[in-house]
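**Q** The following block contains the structure, expressed as structure tokens.
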């Protein structure tokens, strides 16, 4: 019979400015590095989900958002792209 020690929970403290340090074990397990953008989503009454955003190169963005016509309302295009990006992580 194999008895395993209970897995230790990873804890962090919220600092006065709302910052937290992700425990090293979680960063290593998930591949999160400094500078990786993340999204936060409330997933329950007392829980938050942290989702790493994929990094895209400039060429990927150019191909993804090709412009086939003159740019009219640039701000509307930016809002549309942001909404599409947000939909990808829901």
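The values are calculated or read from the model by the stated rules, or taken from the named source; none is laboratory data. For clarity, every value in this text was computed on a predicted model and none was experimentally measured. No Cβ is skipped: glycine too gets one built from the backbone with ideal geometry, and neighbour counts run over all protein chains shown.
**Q** When you go through 81, 52 one by one, which is the residue that is in contact (Cβ under 8 Å) with a residue 12 or more places away in the chain, surrounded by 10 or more Cβ atoms within 10 Å (Cβ to Cβ) and in contact with a strand residue (DSSP E or B) (Cβ under 6 Å, 6 or more places away or on another chain)? Don't jump to the end; show me each part of the working.
**A** Working: 81 fails: in contact with a strand residue (DSSP E or B) (Cβ under 6 Å, 6 or more places away or on another chain).
The unique qualifying residue is 52.
**Q** Separate question: Name the single residue that is modelled with the highest pLDDT among those in segment 24-64 being closer than 15 Å to residue 86 by Cα and part of a loop (DSSP other than H, G, I, E, B).
**A** Of everything passing the filter in segment 24-64, 37 is modelled with the highest pLDDT.
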